[in-house]
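Asks: Before I ask anything, here is the structure I am working with.
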Amino acid sequence: MTEARDVHALDMTRLTPWLRDHVPGADGAITAEKFAGGQSNPTYLLSVDGDPRFVLRRKPDGMLLPSAHAVEREYRVTDALKDMAVPVARPLALCEDSGIVGTPFFVMDYARGRNFWYARLPEQTAAERGAVYDEMNRVLAVLHAIDPADVGLSDYGRPGNYFARQVARWTKQYRATETRTIDAMERLIEWLPAHDPGLDACRIVHGDYRNDNLIFAMDEPRIVAVLDWELSTLGHPLADLAQHVMAWRVPGEGYRGLSDADLPALGIPAEADYVRRYGERSGVGEIDPAHWRYALIFAMFRNAGIRQGVYRRALDGNASSEAAAIHGARAGEIAGLAWRIACGEEDARL
């Protein structure tokens with residue numbers, strides 16, 4: 001964690017009374033410290049009398065894309081899942097009044113535990129890495145097994161045509177934040193609609209499920225909280241899996257990925273084994289190679305669009321991290337990787 005820059009500082013004179021009125025246990029001297037991560041929505045650790053107790057997550061300042069940074073949706077989905085088998089940081093209060101800290105925000109319990117920033121888990125043993133990856137796989141399958149209607153989320157997204165709607169949405173978002181022409185993105189914008197496999201499964205999808213959005217127990221490889229639900233919606237679980245597995249397709253340098261890692265030596269499963277285990281756990285079974293290829297390409301296209309948006313916010317001066325400017329170059333690289341898979345230059349087989 002780092003101290004908040006002035007542009008992201010919280011007005012504690014307004015926030016403290018609100019917390020005392022709406023959050024049980026916020027009855028002492030409250031301080032806020034901004035987490036170093038959180039490219040999209042600024043996130044703060046709130047301590048009461050020096051004891052870390054809550055986390056506040058708010059929309060960034062400035063002009064935002066429609067439907068982006070939806071902390072209200074994050075609050076709703078975690079509230080719906082708080083008593084289910086998917087572990088979340090329990091949400092406590094939502095504030096849609098921008099007059100308190102400048103933008104809407106919500107407060108949740110502070111999930112105490114370990115956060116693994118690097119996919120290679122450098123501080124773990126091979127056996128520990130294998131256990132962590134198995135737990136990540138298990139929890140994602142559990143999430144996708146939940147019927148949205150059972151937790152009051154049947155209207156959390158539109159059913160059917162998920163890939164088509166998402167391609168259209170991210171094309172629009174990309175155009176709104178475009179700063180230069182990325183040839184691979186132009187090709188993907190044409191390729192994705194033309195090759196849509198028409199998959200129609202509808203489940204709760206996290207949208208950014210990865211190791212650094214998970215909190216693990218201090219003494220065992222057990223997830224105690226899945227964080228950062230900003231991109232969650234109802235959609236096809238294969239898109240969620242592909243977004244997660246993209247770590248196997250990118251290198252360590254610049255991406256914290258696994259493509260150039262010695263997976264057997266690290267104790268981390270190969271992509272094919274990991275996807276196969278998910279299929280067994282989720283009940284999906286063997287995944288069609290053509291469907292997997294499309295899901296991977298889509299996930300990379302969307303990731304490139306997200307990175308472009310972060311870069312644009314950096315240019316506009318309202319991104320949440322100094323590292324945001326790096327995402328401009330990364331957007332083109334990820335799009336290029338997706339296009340190489342689309343045109344057969346890179347293998348997408350399991």
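Asks: On the protein heavy atoms, probe 1.4 angstrom, tell me the percent of accessible surface of the range 228-350 carried by carbon and sulfur.
Replies: 48 percent
Asks: Now for a different question. With Rg and Dmax of the Cα atoms in Å defined as stated, name the option among [x] 40.0, 139; [y] 23.2, 76; [z] 19.8, 60 computed from the structure displayed.
Replies: So the structure-derived entry is [z].
Asks: Here is a follow-up. If I fit a long axis through the Cα atoms of helix 162-177 and take the longest principal axis of the Cα atoms of the chain, what angle between them do I get, 0 to 90°, rounded to 10?
Replies: Tilt relative to the chain: about 60 degrees.
Asks: So how far apart, in nm, are the two label points at D147 and D97 if each is 7 Å from Cα heading toward Cβ?
Replies: 4.0 nm
Asks: Would you list, by chain and number, the lysines whose Cα falls below 18 Å from the Cα of K59, excluding same-chain residues fewer than 8 positions away?
Replies: Once the sequence-local lysines are set aside, what remains near K59 is K34.
Asks: Enter the angle in degrees (range 0 to 90, nearest 10) between the Cα long axis of helix 12-22 and the first principal axis of the Cα atoms of the chain, meaning the one along which they spread out most.
Replies: With rounding to tens, the tilt is 80 degrees.
Asks: Give the accessible surface of the chain per residue, rounded to a whole number of Å², with probe radius 1.4 Å and ligands, DNA and RNA excluded. The partial results should precede the final answer.
Replies: Details: 15270 Å² over 350 residues.
Roughly 44 Å² per residue, with all protein chains present.
Asks: In degrees, nearest 10, range 0 to 90: what is the angle between the Cα axis of helix 271-282 and the longest Cα principal axis of the chain?
Replies: 70 degrees
Asks: Based on DSSP H runs of at least 4 residues, each adding -39500 (n - 2.57), what is the mean residue ellipticity at 222 nm of the chain after dividing by all its residues, to the nearest 500 deg cm²/dmol?
Replies: -13000 deg cm²/dmol
Asks: Moving on to the next point. What size of dipole, in debye to the nearest 20, comes out for the range 55-173 about its Cα centre when the only charges are +1 on Lys and Arg C-beta atoms and -1 on Asp and Glu C-beta atoms?
Replies: Details: 16 positive and 15 negative charges, 83 e Å.
Result for the range 55-173 is approximately 400 debye, rounded to the nearest 20.
Asks: Taking the alpha-carbon centroid of each part, what is the distance from the range 158-194 to the range 249-315 in angstrom?
Replies: Comparing the Cα centres of the range 158-194 and the range 249-315, I get a distance of 19 Å.
Asks: Beta carbons within 10 angstrom, averaged per residue: use that to sort the peptides 149-155, 227-233, highest first.
Replies: 227-233, 149-155
The values are calculated or read from the model by the stated rules, or taken from the named source; none is laboratory data. All figures in this text were calculated on a predicted structure; none of them were measured in a lab. FYI the Cβ positions are ideal-geometry reconstructions off the backbone, even for glycines, and counts take in every protein chain you see. Only protein heavy atoms, including side chains, enter the accessible area calculation; ligands, DNA and RNA are left aside. Shrake-Rupley method; radii C 1.70, N 1.55, O 1.52, S 1.80 Å.
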